[in-house]
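The values are calculated or read from the model by the stated rules, or taken from the named source; none is laboratory data. For clarity, every value in this text was computed on a predicted model and none was experimentally measured. In this analysis, Cβ positions are derived from the backbone assuming ideal geometry, glycine residues included, and neighbour counts consider all displayed protein chains.
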There are 2 protein chains.
Amino acid sequence: MERTLNKDIILHSDKKVKISGWLHKKRLLGGLNFITLRDRSGIVQVLVEDKKELEKLRGLQIGTVLSVKGVVVKDERAPNGAELHDVELDVIVPVDIEPPVEIDKPLSHKPENLDTLFEYRAIGLRNLQETKIFKIRANLLKYIRGFLYDNDFTEINTPKIVAGAAEGGAEVFKFDYFSKEATLAQSPQLYKQIMVGVFERVFEIAPTFRAELSATTRHVSEVTMLDVEMGFINGYDDVLDMVENLVRNTLNKVYKDCSAELKSLNAPELKLNDKFPRYSIAEIHELYSKNTKIDVSNEIDLTPDEERWICEYSKKKDGCEAVFATGLPQSKMKFYHMKDTNDTAKSADLLFRGIEISTVPQREHRYEILLEQMRFAGVDPDDPGFSYYLSAFKYGLPPHGGFGFGVDRFVEKIIGLNNIKEAILFPRDINRLTP
Amino acid sequence: MERTLNKDIILHSDKKVKISGWLHKKRLLGGLNFITLRDRSGIVQVLVEDKKELEKLRGLQIGTVLSVKGVVVKDERAPNGAELHDVELDVIVPVDIEPPVEIDKPLSHKPENLDTLFEYRAIGLRNLQETKIFKIRANLLKYIRGFLYDNDFTEINTPKIVAGAAEGGAEVFKFDYFSKEATLAQSPQLYKQIMVGVFERVFEIAPTFRAELSATTRHVSEVTMLDVEMGFINGYDDVLDMVENLVRNTLNKVYKDCSAELKSLNAPELKLNDKFPRYSIAEIHELYSKNTKIDVSNEIDLTPDEERWICEYSKKKDGCEAVFATGLPQSKMKFYHMKDTNDTAKSADLLFRGIEISTVPQREHRYEILLEQMRFAGVDPDDPGFSYYLSAFKYGLPPHGGFGFGVDRFVEKIIGLNNIKEAILFPRDINRLTP
């Protein structure tokens with residue numbers, strides 16, 4: 001007999017079906033005995049009346065793998081709208097010990113319990129609430145790729161083993177590569193710019209690595225990054241528009257298609273406008289000082305509290321939880337960003353629900369100016385590690401810009417989790433290398 | 001004026017359009033002067049008659065970035081079916097040196113020229129033929145994901161920084177992880193099996209790492225792997241059917257949608273049946289000996305020559321270039337494979353065009369038997385690195401199986417390239433860590 005998925009039994013009312021899954025709950029009350037069965041599509045309630053069948057369940061614990069044949073009886077109160085009666089059980093994998101964590105009730109995500117959460121991750125992920133987080137995450141990735149395909153972006157796979165730190169930065173993992181020193185890529189930055197010369201519009205979703213010495217709610221040493229780069233832009237507004245469309249489009253889709261999961265996870269309601277408000281960093285400093293009486297006159301970039309504040313402000317005033325903070329001061333820009341006319345770079349931060357999720361710059365595409373900016377930043381353009389990158393400019397790169405954002409952090413913010421690690425299946429930080 | 005993509009100019013016959021791209025060819029013959037312009041969608045020919053416009057091109061080389069406004073004149077012989085006349089040029093990024101490699105004519109992929117190919121990769125990828133390889137690759141990835149979504153698989157992201165070598169194997173890259181020893185994941189094997197307990201059906205496309213000491217056409221140290229795992233199977237035929245459907249479905253789609261690119265790259269014609277022939281390894285040994293008179297009576301697994309031979313045999317006899325070699329001898333199986341009744345494991349190799357592209361086993365899902373098999377293989381189940389993995393079994397994993405294959409090698413075989421590195425944007429091997 002073919003297996004029916006739990007979510008589909010309602011289509012077979014009054015007929016006999018076979019379902020397969022994990023024993024999810026067992027309520028043997030003497031008079032009314034039932035179990036629930038979990039499969040990838042949901043939960044189904046199974047009424048067990050026959051003594052011989054009941055006997056098969058003796059000593060079996062949550063997680064036991066079994067098939068159940070029975071008649072579908074409609075019941076609006078039951079999960080998936082029906083339950084199974086007159087059943088015959090077939091135990092496929094008996095489990096005789098209790099799972100170390102709850103599968104049915106939400107697991108604690110309190111800071112002091114996170115270590116337990118990750119220690120039992122292999123089983124804890126079967127918890128219905130945990131599963132929802134990663135279903136949302138998988139959908140998000142699908143929607144992001146869908147949007148990028150629709151906008152003529154080509155997927156690329158760039159190397160994660162590289163010769164030097166792409167941005168000349170510290171905090172890289174180093175290792176011996178056949179007697180040469182190699183590092184794990186912190187970002188595909190240089191490669192995606194090179195690839196603009198090939199496909200104009202490229203993207204990659206892949207792991208990146210950073211030897212983060214901090215143990216905070218924001219730091220992990222392996223993140224899944226979305227990287228996007230586009231050529232032949234008319235100006236940096238084109239890049240802002242693209243990231244705005246991407247974020248709005250995918251968020252709306254996630255909130256529509258995963259509304260039940262998001263509700264069950266107590267995710268905040270989504271408030272977005274078609275156009276995200278754009279405030280310059282200077283404006284935000286001023287607004288923030290005026291409203292909070294906190295002096296930020298010595299700050300160049302936004303403080304974390306200003307990031308939170310401007311998002312709240314925009315949510316109330318503009319009805320939008322995503323905000324662009326434009327006009328990054330040149331003292332904070334990277335050598336490959338393009339300067340704007342005055343003291344600022346053509347770069348904006350995209351803030352969402354209180355934190356920066358992406359930096360969105362136009363790149364400097366003019367070879368000679370790029371060389372100057374490298375030297376000014378103390379980066380040696382004659383370093384052999386840059387020769388390939390620079391050749392892309394020497395032989396013609398159009399005006400371009402792009403952005404990258406951490407998928408993990410985005411998922412964290414979408415659901416309203418407290419720690420980036422809760423949005424990662426098996427997170428890695430300074431203290432955790434397993435499971 | 002808005003930019004029109006080269007492939008779309010035919011839609012604007014007799015109208016004025018603006019195109020943007022790279023100077024691809026320059027033929028200034030005195031009488032008839034024209035250039036061609038490359039953008040992400042193709043090539044367009046531009047007739048330059050006006051002297052002032054011609055003057056703008058003086059000294060400019062291939063790769064120069066420019067926009068061209070002009071009137072679309074239909075011409076069936078021209079690429080994209082039309083060319084631009086009465087043009088006005090706008091040079092955006094002048095390039096005054098010749099590119100180090102040809103952009104228009106195919107680059108040599110001869111073994112002795114591969115080093116040059118990769119040395120100038122950042123520019124060489126702009127070559128029209130190279131671009132086709134990676135367009136096909138991007139499409140393949142899209143189709144693979146599409147197939148897996150349609151079959152209810154959930155995408156996962158598993159860590160690439162791990163505590164030990166997943167399969168207890170050698171050839172791993174090791175590095176210092178905050179004073180602990182970490183390795184780069186060779187495969188998401190253990191994680192994808194754990195995730196069967198959560199989503200039943202999971203997949204991942206991500207980089208994996210192997211410290212390959214060999215310098216051959218088949219060895220690179222970083223590969224893009226597709227990994228698939230599915231639970232609640234009725235037997236290992238279910239896994240074979242799934243990989244068969246995946247491969248047939250995506251190959252047919254690639255050969256349909258990328259037929260022009262494949263033809264231009266001289267890719268072999270595709271010959272596939274709905275069902276791929278299934279020969280046991282014992283049968284192949286026998287057929288091969290009989291037909292070639294080569295003695296393989298001492299061989300356990302297939303020799304490379306047998307892999308080539310059986311694919312040729314099946315192509316001729318069955319009209320199918322993909323073949324399953326079933327019945328892997330137990331002496332060659334991994335500890336997590338399931339034994340079959342006699343000397344063989346429930347595992348098959350999927351061969352395509354002469355080489356194995358994937359091993360397709362059912363896993364041993366019974367906790368006690370798995371422990372036995374680990375011990376027999378010399379793997380210590382009490383090693384803390386396995387505790388998470390084993391807990392997934394202890395708390396109930398259904399019968400499951402899966403497969404993984406290298407995307408790079410698959411692309412190589414689809415196009416008929418000679419070396420896996422030709423299918424990788426920036427390959428990494430024992431001698432090459434850049435670009």
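Can you say whether A:Glu368 is within 18 Å of the chain's Cα centre (by Cα) and farther than 21 Å from A:Arg278 by Cβ, as far as the supplied structure shows? So A:Glu368 fails the test. Residues of segment B:246-267 include at least one that is at pLDDT 95 or above, aliphatic (A, V, I, L, M) and under 26 Å from B:Arg363 (Cα atoms). Every condition in (1) basic (Lys, Arg); (2) over 30 Å from B:Val254 (Cα atoms); (3) within 22 Å of the chain's Cα centre (by Cα) holds for B:Arg308 except the one numbered (2).
Looking at A:Thr292, is it farther than 30 Å from A:Leu128 by Cβ, surrounded by fewer than 18 Cβ atoms within 10 Å (Cβ to Cβ) and without any contact (Cβ under 8 Å) to a residue 12 or more places away in the chain? So A:Thr292 does not fit the description; no.
Of the candidates B:Lys315, B:Lys275, the single residue that is modelled with pLDDT of 95 or more and surrounded by fewer than 18 Cβ atoms within 10 Å (Cβ to Cβ) is B:Lys275. When B:Thr344, B:Thr359, B:Thr434 are screened for being outside the structural domain of B:Gly197 (by TED's automatic domain parsing), modelled with pLDDT under 95 and β-branched (Val, Ile, Thr), only B:Thr434 passes. On the stretch given as segment B:120-160, residues that are charged (D, E, K, R), more than 9 Å from every other protein chain (Cβ to nearest Cβ) and closer than 23 Å to A:Val202 by Cβ total 1.
Taken together, A:Glu88, A:Glu55, A:Glu49 contain a single residue that is of a type in the set (Asp, Glu) and under 28 Å from B:Arg201 (Cβ atoms), which is A:Glu88.
Within segment A:93-125, the residues that satisfy the criterion of being assigned to a helix (DSSP H, G or I) and either under 14 Å from A:His24 (Cα atoms) or β-branched (Val, Ile, Thr) (or both) are A:Thr116, A:Ile123, A:Gly124.
Each residue in segment A:1-19 was checked for being within 14 Å of chain B (Cβ to nearest Cβ) and in contact with a Gly (Cβ under 9 Å, 6 or more places away or on another chain), and 5 of them qualify.
Here B:Lys142 qualifies as in a helix (DSSP H, G or I) and basic (Lys, Arg). Scoring A:Ile92 on the criteria (1) in contact with a Pro (Cβ under 7 Å, 6 or more places away or on another chain); (2) of a type in the set (Val, Ile, Thr); (3) more than 12 Å from every other protein chain (Cβ to nearest Cβ) leaves a single failure, condition (3). Residues that are closer than 30 Å to B:Val379 by Cα and in contact with a Gly (Cβ under 8 Å, 6 or more places away or on another chain) occur in segment B:282-297; there is at least one. If I filter segment B:226-235 for residues that are part of a loop (DSSP other than H, G, I, E, B), facing another protein chain (nearest Cβ under 8 Å), within 27 Å of A:Leu226 (Cα to Cα) and over 18 Å from the mean Cα position of the chain (by Cα), do I get at least one hit? Within segment B:226-235 (the criterion being part of a loop (DSSP other than H, G, I, E, B), facing another protein chain (nearest Cβ under 8 Å), within 27 Å of A:Leu226 (Cα to Cα) and over 18 Å from the mean Cα position of the chain (by Cα)), the answer is no, since none of the residues qualifies. When A:Glu286, A:Glu222 are checked against the criterion of being out of contact with any helix residue (DSSP H, G or I) (no Cβ under 7 Å at 6 or more places or on another chain) and within 14 Å of chain B (Cβ to nearest Cβ), A:Glu222 stands alone in meeting it.
Only one of the listed residues (B:Ala166, B:Ala182) is within 12 Å of another protein chain (Cβ to nearest Cβ), buried (at least 16 other Cβ atoms within 10 Å of the Cβ) and modelled with pLDDT under 90. That residue is B:Ala166.
Listed by first and then second residue, the pairs with beta-carbon distance under 7 Å, at least 6 apart or on different chains, first residue in segment B:194-206 and without any contact (Cβ under 8 Å) to a residue 60 or more places away in the chain and at the interface with chain A (Cβ under 7 Å from one of its Cβ atoms), second in a helix (DSSP H, G or I) and among the hydroxyl-bearing types (Ser, Thr, Tyr), are B:Val198/A:Thr131.
Residue count for segment A:109-158 satisfying the condition of being acidic (Asp, Glu), buried (at least 20 other Cβ atoms within 10 Å of the Cβ), more than 30 Å from A:Tyr191 (Cβ to Cβ) and more than 16 Å from the chain's Cα centre (by Cα): 0. Among the residues of segment A:245-289, those that are within 20 Å of A:Lys316 (Cβ to Cβ), assigned to a loop (DSSP other than H, G, I, E, B) and touching a residue at least 24 places away in the same chain (Cβ under 8 Å) comprise A:Ala267, A:Pro268, A:Leu270, A:Lys271, A:Leu272, A:Asn273, A:Asp274, A:Lys275, A:Phe276, A:Pro277. Being within 22 Å of A:Asp176 (Cα to Cα) and touching a residue at least 60 places away in the same chain (Cβ under 8 Å) is a description that does not apply to B:Ala182. Scanning segment A:5-27 for residues that are under 25 Å from A:Lys51 (Cα atoms), surrounded by 13 or more Cβ atoms within 10 Å (Cβ to Cβ) and not small (Gly, Ala, Ser) gives A:Asn6, A:Ile9, A:Lys16, A:Val17, A:Lys18, A:Ile19, A:Trp22, A:Leu23, A:His24, A:Lys25, A:Lys26.
For segment B:380-399, residues that are surrounded by fewer than 16 Cβ atoms within 10 Å (Cβ to Cβ), touching a helix residue (DSSP H, G or I) at 6+ places or on another chain (Cβ under 8 Å) and in contact (Cβ under 8 Å) with a residue 60 or more places away in the chain total 0.
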